[in-house]
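The values are calculated or read from the model by the stated rules, or taken from the named source; none is laboratory data. Keep in mind the model is a prediction, meaning the values are calculated, not measured. Reconstructed Cβ throughout: ideal geometry from the backbone, glycine too, with neighbour counts over all protein chains shown. Surface areas here come from the heavy atoms of the whole protein model, side chains and all, with no ligands, DNA or RNA. Shrake-Rupley method; radii C 1.70, N 1.55, O 1.52, S 1.80 Å.
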Amino acid sequence: NRDDYIFKTLIRDEFVKKHIPINADKRAAVTKEFGTNLWFQAVYLSTPPPTGATIEDIEEAKLPEFYKMWMLIDSVFREGQRGEEMTRRLRSKGCKVWSYRCSLYMQTRDILEYYRFYLWRSYMRGLDGVGVWCSGGRSGSDGFDSRDGYDDGITWCGSNKNRIPTKRFEAFREGLEDIAYMDALEKAIAAAKKSGRDVSKAQALLDKRTSVMEKANYDVLDTWRLDVGRAINELSKASGKKNMPKRK
């Protein structure tokens, strides 16, 4: 159904303030024809004023009434309360809020912090989803060497011009699985609390997430995830429910 589709049009990708009035008449025509039930996406880059658009500029132009899905560049969430404030105000208009990353030379970015823990932080902020730049296309004769052209993204381009997964892509996938474990543990804790069981040890694993990220050590991370899996299993056995995340 139409909720399965997201349309990306009628505003520039990573728009700034001067782009807002462009196509305003077309947005109004689409709303008049189809109402406000379609999902349109807007991508927000944190360019500072006066060039960049503020949340006040966005609200004044009634963009949240048209664009119901917002992709905010992840840096706004590292600028004090700015990301939280934008998220609150957009959600008050019925919008979904995602974050995204698309830094240049992504193959040089830290595997854990830039890819895997990025998903953790987004989930812990309560965001609705995340996005990451997949591929900038192939330039030059060697799709694995950015020195001969602009070959960027979370995947590489092979000699046959097909996409090749990378360890960065795998880290992103592992991050999604980490979140599945977090979600399953949270549900298992909620169910156990209702029956009056002690969940302090399981809760401590969730409280430990910041420490795990700060250590940025694979052994610490693997141990944490194994402990989470065991906690889910123990709580699930006692309640008679199977809350383990399904592996796809």
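List of remarks:
- Among the residues making up segment 1-38, those that are free of Cβ contacts under 8 Å to residues at least 40 places away in the same chain and closer than 14 Å to TRP70 by Cβ are PHE7, LYS8, ASP13, PHE15.
- Total residues in segment 83-99, condition crowded, with 21+ Cβ neighbours inside 10 Å and free of Cβ contacts under 8 Å to residues at least 12 places away in the same chain: 0
- Qualifying positions in segment 129-161 - open to solvent by 30 Å² or more (accessible area, probe 1.4 Å), assigned to a loop (DSSP other than H, G, I, E, B) and at pLDDT 80 or above: TRP133, CYS134
- Filter result for ILE179 (in contact (Cβ under 8 Å) with a residue 24 or more places away in the chain, outside any loop (DSSP other than H, G, I, E, B) and either under 30 Å from LYS96 (Cα atoms) or open to solvent by 70 Å² or more (accessible area, probe 1.4 Å) (or both)): yes
- For PHE40, the criteria (1) more than 18 Å from PHE7 (Cβ to Cβ); (2) modelled with pLDDT of 95 or more; (3) open to solvent by 10 Å² or more (accessible area, probe 1.4 Å) hold in every case but one, which is (1).
- Within segment 184-195, at least one residue is of a type in the set (A, V, I, L, M) and closer than 27 Å to TYR100 by Cβ.
- Segment 1-51, subset within 24 Å of GLY83 (Cα to Cα), outside any strand (DSSP E or B) and β-branched (Val, Ile, Thr), residue nearest to the chain's Cα centre (by Cα): ILE6
- Summed over segment 42-65, residues that are farther than 11 Å from LYS17 by Cα and touching a residue at least 40 places away in the same chain (Cβ under 8 Å) total 2.
- Among residues of segment 189-215 that are touching a residue at least 12 places away in the same chain (Cβ under 8 Å), those with a beta-carbon under 7 Å from a residue that is outside any helix (DSSP H, G or I) and open to solvent by less than 100 Å² (accessible area, probe 1.4 Å) at least six positions away or on a different chain give the pairs ILE189/VAL199; ALA192/VAL199.
- Candidate set from segment 52-101 (those that are small (Gly, Ala, Ser) and assigned to a loop (DSSP other than H, G, I, E, B)); member that is farthest from the chain's Cα centre (by Cα): ALA61
- Of all residue pairs spaced 6 or more apart or on separate chains, those with beta-carbon atoms under 6 Å, a first member in segment 100-121 that is in contact (Cβ under 8 Å) with a residue 24 or more places away in the chain and within 15 Å of ASN217 (Cα to Cα) and a second member that is among the aromatic types (Phe, Trp, Tyr) and not in a loop (DSSP other than H, G, I, E, B) are TYR115/PHE172.
- Residue that is modelled with the highest pLDDT [pool: residues in segment 23-36 that are open to solvent by 90 Å² or more (accessible area, probe 1.4 Å) and not basic (Lys, Arg)]: ASP25
- Within segment 186-240, the set of residues being open to solvent by less than 60 Å² (accessible area, probe 1.4 Å) and basic (Lys, Arg) comprises ARG209, ARG225.
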